[in-house]
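Read through the structure below, which is laid out as structure tokens, and then see the notes.
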């Protein structure tokens, strides 16, 4: 059974850097799962920067949706899987339920729950250790529009679910990892 490390924090808090450091310092083989999609120039630049920051010997898989389904047909042959990030994975799913800037909250929650439940089942079935990153979006101002509130609520649920399942949880603050839960197996 695999170990799950969950890294949570705000934007630019050092989540990806810390996750990469944990994976690199292990000295084990790593597969990196990227969920971002280059839908505009700015996002393309961010993706390129992240790619340049990763060690060249890591395998990178770009899987914006249905990670579990992909891994059933394409098993990973690495010791560690680093998933960056839940925030974008769920955003990719969430946007399937948006029409005219209004989200179908019931259908989107069902879709998100399935995505997270399937991912956790896959993690628990794997022999690899997993490092999963997500943004904390519940500390700021309540979004002024329905779509933003619905996304914030769903991501908050997903973060709670992942944290409950994780063996280790880190909260990133200004580049400093604060352990919330230490290894518990």
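The values are calculated or read from the model by the stated rules, or taken from the named source; none is laboratory data. Computed from a predicted model, the values in this text were never measured in an experiment. Ideal geometry is used to build each Cβ from the backbone, glycine not excepted, and the neighbour counts take in all protein chains shown.
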Review point. Can residue 69 be described as surrounded by fewer than 16 Cβ atoms within 10 Å (Cβ to Cβ), more than 21 Å from residue 159 (Cβ to Cβ), under 14 Å from the mean Cα position of the chain (by Cα) and modelled with pLDDT of 90 or more?
Key: no
Check your understanding: Given the structure, is residue 111 closer than 15 Å to residue 65 by Cα and either in a helix (DSSP H, G or I) or at pLDDT below 95 (or both)?
Key -> yes
Practice item. Within region 1-35, count every residue that is modelled with pLDDT under 90 and in contact with a strand residue (DSSP E or B) (Cβ under 8 Å, 6 or more places away or on another chain). Key: 2
Exercise for review: Identify, by number, the condition in (1) outside any loop (DSSP other than H, G, I, E, B); (2) touching a residue at least 24 places away in the same chain (Cβ under 8 Å); (3) over 21 Å from residue 37 (Cβ atoms); (4) over 13 Å from the mean Cα position of the chain (by Cα) that residue 149 doesn't meet.
Suggested key: (2)
**Study point:** residue 158 surrounded by 13 or more Cβ atoms within 10 Å (Cβ to Cβ) and touching a strand residue (DSSP E or B) at 6+ places or on another chain (Cβ under 6 Å)
**Key:** no
Exercise for review: Could you please find all residues in region 17-30 being crowded, with 20+ Cβ neighbours inside 10 Å and either in contact (Cβ under 8 Å) with a residue 60 or more places away in the chain or assigned to a helix (DSSP H, G or I) (or both)?
Suggested key: 18, 19, 20, 23
**Study point:** Unmet criterion (only one of (1) within 20 Å of residue 16 (Cα to Cα); (2) under 16 Å from the mean Cα position of the chain (by Cα); (3) exposed (fewer than 13 other Cβ atoms within 10 Å of the Cβ)) for residue 53
**Key:** (2)
Study note, to complete from the structure: Among (1) assigned to a strand (DSSP E or B); (2) out of contact with any helix residue (DSSP H, G or I) (no Cβ under 7 Å at 6 or more places or on another chain); (3) under 15 Å from residue 2 (Cβ atoms), residue 123 falls short only on (1)
Check your understanding: Out of 83, 61, which single residue is assigned to a strand (DSSP E or B), in contact with a strand residue (DSSP E or B) (Cβ under 8 Å, 6 or more places away or on another chain) and crowded, with 20+ Cβ neighbours inside 10 Å?
Key -> 83
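Closer than 24 Å to residue 18 by Cβ and in contact (Cβ under 8 Å) with a residue 24 or more places away in the chain: does that describe residue 124? So that I can check it myself, show each step before the final result.
Working: closer than 24 Å to residue 18 by Cβ: yes; in contact (Cβ under 8 Å) with a residue 24 or more places away in the chain: yes.
Yes; evaluated as a whole, the condition is true for this residue.
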